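Since the structure comes first, as structure tokens, the remarks are kept for the end.
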């Protein structure tokens, strides 16, 4: 007969996600995870596997709770221009509020792992590709609506936005200053200038 778990795996995973998000993969030990989740080492391994498996599960939790909601809001706005501006506003509000000095778990992992070809690196970079694709589609929609400069290549513009987003997330960990971040985000206006002049 299987032994009943005396802890909530979802709650434990949420606590592990928050610890990895704050500290990163390498700076988080198994003992740190034991203490954060409140479950013993044997139960941690039995439920989630090793540290790498737990981190990947935490990444999926982050996607479900944080990243997918941001993408859904981006894609669901009828105005691509307002969606892009709103995305940056949300990023700044989070970085200077509840998420102060947290950054983005995916961006943090990309900085930590670099170009490593392991499972973690592959998953994180695959997610960046998804965001790039969503931004490309959004920019194409904005160009058709006359909100975004049609002289700009949608894919190149999406990569520009993705670079700005991730750069701001990195900077938000060391300089979570709202004025500084709003000044930096004003660069997105370059996408709209010719559309405004038309």
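Straightening the chain between residue 145 and residue 35 buys 34.4 nm, computed as 0.36 nm per residue apart minus the Cα-Cα spacing. Computed over the stretch 29-86, the percent of Cα pairs more than 12 Å apart is 72.
Using only Cα positions of the stretch 8-61, each an equal point scatterer, no hydration layer, compute I(q)/I(0) via Debye at q = 0.16, 0.25 Å⁻¹ and quote the log10 values to two decimals. Once normalised to I(0) and log-transformed, intensities are -0.35, -0.93.
Our analysis of the stretch 147-186 gives Rg over Rh at 1.09, with the two radii drawn from alpha carbon positions and Rh computed by the Kirkwood formula. Computed on the chain, with alpha-carbon pairs under 8 angstrom and 6+ residues apart, the relative contact order is 22 percent. Of the peptides 25-32, 146-153, the ranking by mean beta-carbon count within 10 Å, highest at the top, reads 146-153, 25-32.
Where the alpha-carbon atoms of the chain are placed on the principal axes, they occupy 70, 35, 29 Å, in descending order. The angle between the Cα long axis of helix 80-95 and the main principal axis of the chain comes to about 40°, on a 0 to 90 degree scale. Full extension of the chain segment joining residue 111 with residue 98 gains 2.5 nm, where the gain is 0.36 nm per residue of separation less the Cα-Cα distance.
Working from Cα pairs under 8 Å separated by at least six residues, relative contact order for the stretch 62-129 is 16 percent. By the Stokes-Einstein formula, at 0.692 mPa s and 37 °C, the stretch 95-198 with its Kirkwood radius over alpha-carbon pairs has D equal to 219 µm²/s. Centroid-to-centroid, using Cα positions, the stretch 1-55 and the stretch 102-156 are 29 Å apart.
Angle, helix 154-174 long axis vs. longest principal axis of the chain, Cα atoms, 0 to 90°, nearest 10? Tilt relative to the chain: about 50 degrees. The distance between label points at residue 14 and residue 119 comes to 2.5 nm (points 7 Å beyond Cα on the Cα→Cβ vector). Relative contact order for the stretch 8-61 using alpha-carbon pairs under 8 Å, separation at least 6, rounded to a whole percent? With pairs under 8 Å counted, the relative contact order is 50 percent. In this simple spin-label approximation, residue 182 and residue 82 carry label points 7 Å from Cα along the Cα→Cβ vector, and these lie 2.0 nm apart. Looking only at the stretch 79-117, which residues have a backbone nitrogen under 20 Å from a spot 7 Å from the Cα of residue 64 in the C-beta direction? Zone members listed by number: 105-107.
Every read-out reported here was derived from the displayed coordinates using simple, explicitly stated rules and does not represent laboratory data. Given the structure is predicted, the values throughout are model-derived calculations rather than measurements. No Cβ is skipped: glycine too gets one built from the backbone with ideal geometry, and neighbour counts run over all protein chains shown.
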